[in-house]
Amino acid sequence: MAAAEAAVTRLVLWRHGVTDWNAAGRFQGQTDIPLNATGVWQAEVSAPVLGARFAPAALYSSPSQRAIRTAQALAELVGLPITTREALLEIDVGSWAGMTVAEAEVLDPEFTRAQAAGVDYRRSPDGETFAETGIRVARELEAIAAAHRGEQVVVVGHGGAHRMGIGTLLGWSYQQARALSGMMNCAWSVIVLRGSAWRLESYNNCVVTGGVGPSQAY
């Protein structure tokens, strides 16, 4: 087996810190909401742990300011530039942006039934499904892995996008990926590529408190 084929590539998927909309349970989607003071603190406390544990060779981020501000806390420690990728953005929730789950359910009662049945559902008429998000994110993660064979890379992004990207890479259905809990703010998950096989090494690692738990809103 060639050395490149045997190399282990590790992607550390780090969710951004908490925002005011996270705390209020509002759909953010691709709306550019900043970290609040707690979110900045979460990033600054978590960054030294990630830097020491993984010594990343590269740092990628969603272009959302909440993700970039989180990434900056690590970039300053490890001396790496931040490379942004549009494909790492959170699920597009379209016209539901800023709504709570309850408000979206009043507007579209079918969403409630889909959630209860574990069925993927388009987040607003002009938004995405989680399956679509997973495909988009997984393709980008594959491209990052291909560019960094045998290295460890931190990818800063969003809870829903990370979870579905992981599920898609592992060949899981939406229902299987949904069995994973939502990622906490500033938590990270680790996926490993050996040869052509992906595996989930760890999930939802978190060293800080003060944020909010998993929510149906993204």
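Data for the structure
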item	result
By average C-beta atoms within 10 angstrom, highest first, the peptides 170-177, 126-133	126-133, 170-177
Order by protection proxy (mean Cβ within 10 Å, highest first), peptides 25-34, 61-70	61-70, 25-34
Cα-centred dipole magnitude for the stretch 1-112, charges only on beta-carbon of K, R (+1) and D, E (-1), debye, nearest 20	560
Bridge type composition, the stretch 3-205 - antiparallel percent by DSSP, nearest 5	55
Distance between the stretch 108-154 and the stretch 1-66 - C-alpha centres, whole angstrom	16
Separation in nanometres of the label points that stand 7 Å from Cα toward Cβ, at Thr84 and Glu105	3.5
Cα gyration tensor shape for the stretch 118-218, rounded if a/c is under 1.5, else prolate or oblate	oblate
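Any read-out appearing in this document is the output of simple, stated calculations on the displayed coordinates, not a laboratory observation. In this text, all values refer to a predicted model and were calculated from it rather than measured experimentally. Cβ sites come from the backbone with ideal geometry, for glycine too, and all protein chains shown count toward neighbours.
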